[in-house]
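The values are calculated or read from the model by the stated rules, or taken from the named source; none is laboratory data. The structure presented is a predicted model; accordingly, all values stated were derived computationally and were not measured. Backbone-built Cβ (ideal geometry, glycine too); neighbour counts: all protein chains shown.
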């Protein structure tokens, strides 16, 4: 106790003496008191649901009780069946596709916006941020209309003479990807933009004076120097895509269902909550593995 | 043949004319300084030479070949930026090796070359360090090594030492100058610091308002400034409005000042400016001669090796720089006689 009190005193001498002329013990009490608040939140909003999830996954299915009863590892032994593995595989594939398209679009976009004046930057940021106000449901159904046979993009294509007749572009994997890219774009943009605008422009010019053609220089500077931010974007995109629910349901075929949709099906249509909980735990592990893996890659 | 020749070069940004009608020849192996106040177009001119900006008009020739439209990455001009632009995501060795990798130099040769360059700038064994772990002086040297790795046709430096303290700056100026001489690389150095330009350059290109004001050796631009701007920008000077009396005399406030030459044909009442450096003024105790120019002592500053005497003469301020020994003989006088060195004072 006294040890930590001296620590605080030595690391923040001014804060402790000049700003808070409180006795050390009271100061510590205050700090501990302030910490209770976030801890309460974590326990209530994160730990409790997680524990309930684990508890449910370890229950025996019971036709009479939705969340199951007793203890059993039955749910986990069911995990490795084709339905689950296929859906997981597809989810990962979708995450890779969405990440790739989003980075490919957001990096040049963030670069161009970072080159604008203050005014231009502000308006672009507001415009991109405003799409965050739209719900996943609204976005998915808007894309459905946009890709439809009657009112969609294909009519514009026909009008421009690019296509012969209007067609419906959903359900299709491309439709799911397009909708997910739209959904995660602002997150990626906002992850890349601050680092990009801080990056010294002369780095890009220096690379060129050293013999790198513009495209190569762009890759060597903007892509490689932003590796940590790109890694973070891929992690965010992957986790969001793994949990995507409405877009695959509205815009994809059953083969395009992500693991999130499968969990819903198992829980509600299959009335098997323990099994759904077990799949959810698998997804949590998968997400953590992806984040850890990307974090490792970005550091080296 | 000159190494670099610039012909009628222009650059406008909208209605702002950053660089106007530049004609310049730079000799092989010379060290040239572009000197001028901020906004004079010196950096723009260097960026055009590097290929980072396209000129609005004019040509740039290197050893007789027109390179005006050549891409930056094809020019092989090394450039040290004001910010140095060391790649933060690469270590020291990879920074230096960047240009060699672009050329596909094999790994063994590449590693040997990096070591050689690090030894050249006196920084062996720091290849594995991260760039942000280096001190200011070390970063400068890494930037120099990285530029030399290119084996460049032309070496461009944009105020590379402006962020350093005076001592380190002096040290690096000497180092870069001796490196440049040993390697015989034609170098252009942009600076706004006249002292830096005077001590480092073979040739100074003085610029103002997008135009070249004078091209000459440090001695020439100091001794024979081409105009009042150069005289005022490089070193201190007394700029006096005079009339040309004859081939050897000018008149200031009705008093004759005799020079070795005015450089003008005698034409009465022709207006001109006399540039007299503070050290070109001699002070003495008035001896009562009729045509002596008398001045009142305003302020005296003793600065070690010299004494600055601020004078007032017929409503004009004059600055004289004399030795402490001379000052000892004059001390206590409130009025002094001023004479101008006839050989050193220049009519502009």
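Scanning region B:15-73 for residues that are away from chain A (no Cβ under 14 Å) and not in a helix (DSSP H, G or I) yields a total of 41.
Those residues that are in a helix (DSSP H, G or I) and touching a residue at least 60 places away in the same chain (Cβ under 8 Å), I need them from region A:261-275; list them, please.
A:261, A:262, A:273, A:274, A:275, listed by residue number.
Considering region B:145-156, and only residues there that are more than 23 Å from the chain's Cα centre (by Cα) and outside any helix (DSSP H, G or I), the residue that is surrounded by the most Cβ atoms within 10 Å (Cβ to Cβ) turns out to be B:149.
Total residues in region A:179-215 satisfying the condition of being more than 14 Å from chain B (Cβ to nearest Cβ) and touching a residue at least 24 places away in the same chain (Cβ under 8 Å): the figure is 16. Here residue B:208 fits the description: modelled with pLDDT of 85 or more and either more than 17 Å from residue B:344 (Cβ to Cβ) or in contact with a strand residue (DSSP E or B) (Cβ under 8 Å, 6 or more places away or on another chain) (or both).
In a residue-by-residue description of region B:95-111, the property of being surrounded by 15 or more Cβ atoms within 10 Å (Cβ to Cβ), touching a strand residue (DSSP E or B) at 6+ places or on another chain (Cβ under 6 Å) and in a loop (DSSP other than H, G, I, E, B) applies to no position. On inspection, residue A:204 qualifies as touching a helix residue (DSSP H, G or I) at 6+ places or on another chain (Cβ under 6 Å) and under 29 Å from residue B:150 (Cβ atoms).
Within region B:217-233, the set of residues being within 12 Å of the chain's Cα centre (by Cα) and crowded, with 18+ Cβ neighbours inside 10 Å comprises B:218, B:221, B:222, B:230, B:233. One residue alone among A:232, A:165, A:244 is away from every other protein chain (no Cβ under 11 Å) and at pLDDT below 85, and that residue is A:165. Taken over region B:92-102, residues that are out of contact with any helix residue (DSSP H, G or I) (no Cβ under 6 Å at 6 or more places or on another chain) and more than 7 Å from chain A (Cβ to nearest Cβ) amount to 2.
Just to be sure, is residue A:237 under 20 Å from the mean Cα position of the chain (by Cα), at pLDDT 90 or above and surrounded by 18 or more Cβ atoms within 10 Å (Cβ to Cβ)?
yes
For region A:65-131, the helices (runs of 4 or more DSSP H) that sit wholly inside it and include 3 or more residues that are over 22 Å from residue A:259 (Cβ atoms) and modelled with pLDDT of 90 or more are A:82-114, A:118-130. In region B:116-128 there is no residue matching the filter, namely being within 14 Å of chain A (Cβ to nearest Cβ), more than 23 Å from residue B:180 (Cα to Cα) and surrounded by 14 or more Cβ atoms within 10 Å (Cβ to Cβ). Within region B:259-284, restricting attention to residues that are over 24 Å from residue B:204 (Cβ atoms) and either surrounded by 15 or more Cβ atoms within 10 Å (Cβ to Cβ) or in contact with a helix residue (DSSP H, G or I) (Cβ under 8 Å, 6 or more places away or on another chain) (or both), the residue that is modelled with the lowest pLDDT is B:262. More than 14 Å from chain B (Cβ to nearest Cβ), modelled with pLDDT under 90 and crowded, with 17+ Cβ neighbours inside 10 Å: does that describe residue A:258? Answer is yes for this residue. Looking across region B:121-144, just one residue is assigned to a helix (DSSP H, G or I) and without any contact (Cβ under 8 Å) to a residue 12 or more places away in the chain, and that is B:133. Scan region A:216-228 for residues that are more than 10 Å from chain B (Cβ to nearest Cβ) and buried (at least 19 other Cβ atoms within 10 Å of the Cβ) and jot them down. Hit for region A:216-228 is A:222, nothing else. Quick one: in region B:311-324, which of the residues that are surrounded by fewer than 16 Cβ atoms within 10 Å (Cβ to Cβ) and modelled with pLDDT of 90 or more is farthest from residue B:275 (Cα to Cα)? Per the stated criteria, the residue is B:324. For region B:129-148, name all the residues that are within 14 Å of chain A (Cβ to nearest Cβ) and closer than 17 Å to residue B:175 by Cα. The answer is B:139, B:142, B:143, B:144, B:145, B:146, B:147, B:148. If you go through region B:77-91 and keep only what is over 16 Å from residue A:224 (Cα atoms) and either more than 7 Å from chain A (Cβ to nearest Cβ) or over 28 Å from the mean Cα position of the chain (by Cα) (or both), you end up with B:80, B:82, B:84.
Checked against (1) closer than 30 Å to residue B:229 by Cβ; (2) in contact with a strand residue (DSSP E or B) (Cβ under 9 Å, 6 or more places away or on another chain); (3) surrounded by fewer than 16 Cβ atoms within 10 Å (Cβ to Cβ), residue B:348 passes all but a single condition, namely (3). Among helices (runs of 4 or more DSSP H) entirely within region A:155-252, having at least 3 residues that are over 30 Å from residue A:289 (Cα atoms) singles out A:201-209, A:214-218.
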